[in-house]
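What follows draws every value from the coordinates through simple rules; no lab data is involved. Source: prediction; values computed, not measured. Positions of Cβ are backbone-derived with ideal geometry, glycine not excepted, and every protein chain shown enters the neighbour counts.
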Amino acid sequence: MRPKTAKIILAGWLIDGSGGPIRKNQIIGIKKGCIDFICDAKESNYQKQELLDLSHCTLLPGLIDCHTHLCMSGSSDPEIRRRQLDLSFEDAVKIIHQHLKQYRKWGIIAVRDGGDRKGHTLQYKLSKHNKDQSLICLKTAGRAFHQSGRYGKLIGRSFALDSSLAKDVKENQEDIDHLKLVNSGLNSLTRFGVETAPQFSAKDFKKAVKIAKNRGLSVMVHANGKKPVQIAIEAGCTSIEHGFFMGEDNLNKMAQKKIIWIPTAITMQAYLRHMQKHSIESKICKKNLDHQLDQIRLAREKGVITAIGTDAGSQGVHHGSSVQEELKLFISAGYSISKAVKCACFHGATLLNLKNKGLLAKDRDADFIAFEKSPDNLFQNIIEPDMICLQGDFGDFGGRPLHL
């Protein structure tokens, strides 16, 4: 039986989300749902009756998925994927609720939704979502903006022919958390490195971003290829989503301007699982994935701020488990475990403006997940956390039974 609460915890290993060295044998004090102190364990600490002994576990902050689509399933069943395009709000509520439950049991404490065609996720947040019950922070774009006749119908809306992006963004009064703009197409699975043209002019795009920022909104931009990404960067966007084939010059500019990159490399890995081996599609998909991992390596060297996002809801990309899969890809691209965790926690919390999340430190929320293994074996297998603590509470949030 798991404890309901604990005031003092002994962590065998602590990855605090800062990107610094992994610390061994740490005592964590919890007070009123927040971390009161963290210090090296002493032999006298082990004798305290109120101590929760997790000396066989690795602790890290609750994870954050910076790019998801809660209305969409990761299923590869074509009929399921067809039906989800025209969901009623009532059916969407059930799907969103189920996906949030999946996130919770995988130790994800916050998600950033990239939009859906009818704005169901925004309506859900405003009318149904109870943050205090779910303990998952939900940020959503409502419906993304795309150019008429171009990619984006699945996740948003276009504007009338006699209007413009800037005009529609200005007139939009929806209570969104961030603005989502689509400025390219998808990546080809039959021709390697094909780049689609930008959806918007640099002038109109810049005006739209300025309007959003004047409203206090961050701006997430779907963009692949050099020119679409360049326009988004020069407009002053907050984050680049995907960024396949954007190139070294754009990475340099992102590092200088501190624009956050969400690579979503897991999308290509997920496609590969369902493709016929040795087909042209599987070969191109593998090249796309390898190229994106090369860009992630380069981004790390250049100091680009990267965060973990999965594009969950894409084919084969499932809500919750895919966060760990993306973490594994970051590690394969040269990130240390602690640096990868920083991307999944602190950088995500910064992007979502969650000031008390993403870092295990004094006065931050006591949100952590525990794995019954050492850091060396942490992400070798994709498994649910053994224990989840949210604001100092070990409620029934999911996770597997921990051997105390």
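Points to keep in mind about this one:
- On Cα atoms only, tilt of 226-235 relative to the major axis of the chain in degrees: 70 degrees
- Packing-based ranking of 154-161, 115-122, 260-267 yields 260-267, 115-122, 154-161, ordered from highest to lowest mean Cβ neighbour count within 10 Å.
- Restricting the calculation to Cα atoms, every distinct pair contributes to the Kirkwood radius of the stretch 98-202, found to be 15.4 Å.
- Contact order normalised by residue count of the stretch 63-351, Cα under 8 Å, 6+ apart, percent: 21 percent
- If the chain linking Lys257 and Arg215 were pulled fully straight, counting 0.36 nm for each residue of separation and taking away their Cα-Cα distance, it would gain 13.1 nm.
- Shape of the chain, Cα gyration tensor, a/c cut at 1.5: prolate
- Set the Cα radius of gyration of the stretch 257-396 against 2.2 N^0.38 Å, with N its number of residues, and you get 1.12.
- Axis angle, to the nearest 10 degrees, between helix 280-302 and the longest C-alpha principal axis of the chain: 60 degrees.
- Pairs from the table (Lys210/Lys355; Lys94/Lys342; Lys94/Lys128; Lys227/Lys253; Lys167/Lys206; Lys7/Lys139) lying more than 21 angstrom apart at Cα are Lys210/Lys355; Lys94/Lys342; Lys7/Lys139.
- The stretch 97-155 versus the stretch 194-231: alpha-carbon centroid distance in Å: 21 Å
- Residues Leu186, Leu60, Leu359 in ascending order of nearby Cβ atoms (within 10 Å, fewest first): Leu186, Leu359, Leu60.
- Each of His97, His278, His178 was scored by other Cβ atoms within 10 Å of its Cβ. Listed from fewest to most, they are His278, His97, His178.
- Helix 248-257 axis versus longest C-alpha principal axis of the chain: approximately 60°, rounded to the nearest ten.
- Ranked list, fewest to most other Cβ atoms within 10 Å of each Cβ, for Asp36, Asp290, Asp311: Asp290, Asp36, Asp311
- Once Rg and the Kirkwood radius are both taken over the C-alpha atoms of the stretch 198-278, their ratio Rg/Rh works out to 1.07.
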